Structures are given as C-alpha cells and as structure tokens.
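> Structure incoming, see below.
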Amino acid sequence: MFFPEGAFGPTNNCVGIAQVLRTRGHRVVFIIEESFAGTLEAKGFEERLMRLGPKPETEEVPGQFWIDHIRDTAPVFRLPTIEQLGAFIAPTWRALVDGAMFVHLRLAEIIDELEPDVVVEDNVVGFPAIASSGRPWVRIVSCNPSEIKDPAVPPFSSGYATDHRSAWPAFLDEVERTHRDLWAEFDTFSRENGDPGLTYGPLGPDFIAESPWLNLFLYPEEADYTRHHSLGPTWWRLQSSVRTMTEGETWDVPDHIRSGRGALLYLSLGSLGSADVGLMQRLLDVLATTDHRVIVSMGPLADQIRLHDNQAGAGFLPQPAILPDVDLVITHGGNNTVTEAFHHGKPMIVLPLFWDQVDNAQRVLETAFGRRLRAYEFEPGELTGAIADLLADDTLRRRLAAVSARSKAEPGTIRAANLIERVARTGAPVT
C-alpha cells in the first residue's frame, strides 16, 4: 500500500517504485486524494480514495488543495526564509496536520480493508492510523535531506549555507516560536490514537517519526551533506527514483523546437510553483530574448501563459522522457526535478520559492552543480548569463556525467523495491 502526499512529486516518486513491484507480481494499491481519482488507475494501479479536508462545492483538479494554498500565500515567497516561518511554513504545517487528523478514521478503514503486508508512506507528517495498525511501514523522504536533522546540516527550509552557521540559532528560535504549540497538539493527537509519539529536539520539531522497519531518502551522494552523526541502520539512500514512462505518456516536441538552433532548455516550476502565472510569464519573456529553444511545463493554469516563438509546452509534461534530451534545466528546486536532473547529468538554474526548494537551491550552488537565483528579484542578465556560463562549462559537464553514470548504475526504483519487498516478506527491519 502506497500513501504519497497529495502532490505530483511524491506521487511520481512512489509510482516509479511501485512499477517495479508490480512487475514482480505484487498487488499494489495507492491511497490518494479524491482530486487524483483515476490518475493512478490510468497507470494500472488500484486506488483507494480519501480526503484531507471537507469536500468543496466546486470540482477539483489533481492537487487542488495545494494549488489553492500556494496561490493564496504566494506573496510570502518574496520574504527571507526566517520571515516565511510564521507567514507560510507554520501555516503549511498547520494544513498538513489538519489533514492528517481529518483523514485518520478513513485511513484506518482502508488499512483494515486491505490488510497490507507493508505500508509505504511518502509524506512529511505522520499518520497515527499507520503507526498504530501494527503493520510494517516504510518512510520515504523525497524532500531535501535536511529534513533529516543533524547539527552539521542547515535548518530545514532555511536555504542557509553550511559554512555560515551564525544565522542558524536565530532561525531555530523562530521555529520554536512559530511551531512549538502546533507540534505539541499533533504529538498529543498522535499518542491518543496509538502512535508512539513525535520528538522535538534542539534542531526543531519532527512531525513524522522514523520507521522501525525501513527509511529511504532520495538524493545523490555527490550533492548530499556531510553529517556530524551517521544515520541509523534502517536508513538507506536512493541516488534517484525515476519512473518508467507508461503507454500514452508521450509528448511530441514540435519540429521548430526539435531542429532549431541554440541549446535546448527545460523550464519547470512544478505543478505548484507554475500556478504563479506572473513569475512564469516573466521567465518566458526573458528566455524569449535568447537564441535557445525552451520546453515549458506550464502547469495547471497553462491557458493563462503566453509562449514565444522559441518555446513550446503543455500543462503537464512527461518530464522523465524529456530530460534526457535537454541541455540545461531551469527549476523551482523541487526534489524530484533536482534528483532527476542529476540522474540525467543536467546542469541546473534553481529559482526556489518555498519549503525545501531553498535548501536544494543552496545545495546545488554549494556543490557547484548549478546556480541559485532569486525567483522574484533576478535581473534578466543574471538568468541569461547563468545559462551561458553553465552551457560552456566542460568541467561541470564531466562531473555531471559521472553523477549520472552512478545514478543509472544503481536505479533507486529497483533498490527501493528490493528493500520494501524484504519488509513485506519478512516483517523485519532492514538494516
């Protein structure tokens, strides 16, 4: 049983792993929000539907809950990350916690119905119905690995540099001020509903516990942090987790883009970030001044975005099928896009908006695999100059080729499937 967060990134990550398990003859069922109904069935999986809040009066598109949430809070993304804590990060945790509490009885009902051999959860909050079910469960971290706290790793969602620690204490103090009461409320709810409970340490709150059976995190070793403490024995790295394209998941690149001059760029701000039409349009207007061709993942409001002659795109694109052919990726810094770009050896320009995107952007910068630009304050010359510099960097191209070769030699989808299969068969921790 797979239970991903109600967004395309975690869902696609789980799909890649589930595809491998299904080919081995296992029954795979996805628990998804009602707005995603039919999307997993179209890929050949069973679905069980749930809601994270009351049903709205109007029909939803997949991930509508988070699209609305991002739209309503987008002005906050212009603030420094320490100011986002109270204005955006804590309210987002509030929405996540409220969803976990709202779905509790329905989730317990689904688990009782399915009696799964293993539950695989790719969420940033815990769900007491899973922990209290008595069934083995697996935690997947498909966010930046700063979510797994360590004294040598910058605070999650800070976007701070690893070698400038003077700002960390003030950030953690603000986390305490804005998050402590919410964490205490959720910890109480979790314990009252059979969960062993959550922790709040000197580096901030954990809204989900470590699984006693198996924990997976998604990040290439070459870009990861150096930790003060080693991760526990049930933690395993996935270099990447790239799903296989299914029949019908194709997009024909128009001839003028396929055979035109200049480099081929890919622009995606994710299904949530692309809902900021003003930001998308500004990026496209700047890219129209270059000699390069651009493939654009336009997002849920594609009909409000105007493409130029050197650009082509659609609302949603089969990203894993497109990335192998591009020369450079311009991204919001979502973990799936970042790790898929590493998987295919592509340099990145990261314009982060929120959550772990700022951490990914900083990590790409610090490890010299790309550039970090301010999403709302970048100058046109900064963007076009970064594109020119990265495309001309032969040393970077060789480094990324080595990362890609290692990632493809150790497919994360297969490694994850092997480990999850062991938990399902034995019911024992995998160390």
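The values are calculated or read from the model by the stated rules, or taken from the named source; none is laboratory data. Every value quoted in this text rests on a predicted model; they were computed, and no experiment measured them. Note that we place each Cβ from the backbone using ideal geometry, even for glycine, and neighbour counts take in every protein chain shown.
> What are the residues in the stretch 187-203 that are within 13 Å of H104 (Cβ to Cβ) and outside any helix (DSSP H, G or I), if any?
N193, G194, D195
> Here's another thing I want to ask about it. Please verify whether the stretch 77-89 includes one or more residues that are surrounded by fewer than 21 Cβ atoms within 10 Å (Cβ to Cβ) and closer than 23 Å to I31 by Cα.
no
> I've got another one for you. Tell me which of these S271 doesn't satisfy, since it passes every other one: (1) buried (at least 21 other Cβ atoms within 10 Å of the Cβ); (2) small (G, A, S); (3) in contact with a strand residue (DSSP E or B) (Cβ under 8 Å, 6 or more places away or on another chain).
(3)
> Next up: Please tell me if T384 is loosely packed, with under 15 Cβ neighbours inside 10 Å and of a type in the set (V, I, T).
The answer is no for T384.
> Does the stretch 10-35 hold any residues that are in contact with a helix residue (DSSP H, G or I) (Cβ under 6 Å, 6 or more places away or on another chain) and among the basic types (K, R), and which are they?
Listed by number, the list is empty, since nothing qualifies.
> Look through the stretch 24-43, keep the residues that are over 21 Å from I111 (Cβ atoms) and modelled with pLDDT of 95 or more, and return whichever of them is surrounded by the fewest Cβ atoms within 10 Å (Cβ to Cβ).
Here the residue is G25.
> Quick one: in the stretch 284-301, of everything that is touching a residue at least 60 places away in the same chain (Cβ under 8 Å) and of a type in the set (S, T, Y), which residue is nearest to Q319 (Cα to Cα)?
Looking at the filtered set, the residue picked out is T290.
> For the structure I just gave you, tell me whether A416 is part of a helix (DSSP H, G or I), assigned by TED's automatic domain parsing to the domain that holds L269, under 17 Å from E340 (Cβ atoms) and within 26 Å of the chain's Cα centre (by Cα).
It is false that A416 is part of a helix (DSSP H, G or I), assigned by TED's automatic domain parsing to the domain that holds L269, under 17 Å from E340 (Cβ atoms) and within 26 Å of the chain's Cα centre (by Cα).
> Still on this structure: Pairs only if they're at least six apart or on different chains, beta carbon under 6 angstrom, first in the stretch 208-225 and more than 22 Å from N360 (Cα to Cα), second outside any loop (DSSP other than H, G, I, E, B) and modelled with pLDDT of 95 or more; list them, first residue then second.
Hits for this filter: S211/W137; S211/V138; S211/R139; W213/V423; L214/V138; L214/L419; L214/V423.
> Could you tell me whether E421 is surrounded by fewer than 23 Cβ atoms within 10 Å (Cβ to Cβ), modelled with pLDDT of 95 or more and farther than 27 Å from A288 by Cβ?
Judged against the criteria, E421 is a match.
> Next question, about the same structure. Name every residue in the stretch 142-173 that is among the polar types (S, T, N, Q) and either touching a residue at least 12 places away in the same chain (Cβ under 8 Å) or assigned by TED's automatic domain parsing to the domain that holds V364 (or both), in order of residue number.
S142, N144, S146, S157, S158, T162
> Could you tell me which numbered condition T199 fails, if it satisfies all but one of (1) crowded, with 20+ Cβ neighbours inside 10 Å; (2) of a type in the set (S, T, N, Q); (3) over 17 Å from D356 (Cα atoms)?
It fails just one condition, (1).
> Consider L52 against the criteria (1) at pLDDT 90 or above; (2) surrounded by 17 or more Cβ atoms within 10 Å (Cβ to Cβ); (3) farther than 21 Å from D276 by Cβ; (4) among the hydrophobic types (A, V, I, L, M, F, W, C): it satisfies all of them except one. Which criterion is unmet?
So the condition that L52 fails would be (1).
> Could you say which residue among A402, A388, A409 is within 26 Å of the chain's Cα centre (by Cα) and modelled with pLDDT of 95 or more?
That would be A402, the only listed residue that is within 26 Å of the chain's Cα centre (by Cα) and modelled with pLDDT of 95 or more.
Conditions (1) modelled with pLDDT under 95; (2) touching a helix residue (DSSP H, G or I) at 6+ places or on another chain (Cβ under 7 Å); (3) surrounded by 16 or more Cβ atoms within 10 Å (Cβ to Cβ); (4) in the same structural domain as N418 (by TED's automatic domain parsing), marked per residue:
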{"position": "E121", "(1), (2), (3), (4)": "no, yes, yes, yes"}
{"position": "A131", "(1), (2), (3), (4)": "yes, no, yes, yes"}
{"position": "V175", "(1), (2), (3), (4)": "no, yes, yes, yes"}
{"position": "D187", "(1), (2), (3), (4)": "no, no, yes, yes"}
{"position": "N193", "(1), (2), (3), (4)": "no, yes, yes, yes"}
{"position": "D206", "(1), (2), (3), (4)": "no, no, yes, yes"}
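> Tell me whether the stretch 212-231 contains one or more residues that are assigned to a helix (DSSP H, G or I) and either among the β-branched types (V, I, T) or more than 24 Å from the chain's Cα centre (by Cα) (or both).
Looking through the stretch 212-231, none of the residues is assigned to a helix (DSSP H, G or I) and either among the β-branched types (V, I, T) or more than 24 Å from the chain's Cα centre (by Cα) (or both).
> Which numbered condition trips up D255, out of (1) surrounded by fewer than 16 Cβ atoms within 10 Å (Cβ to Cβ); (2) in contact (Cβ under 8 Å) with a residue 24 or more places away in the chain?
D255 satisfies all of (1) surrounded by fewer than 16 Cβ atoms within 10 Å (Cβ to Cβ); (2) in contact (Cβ under 8 Å) with a residue 24 or more places away in the chain except (2).
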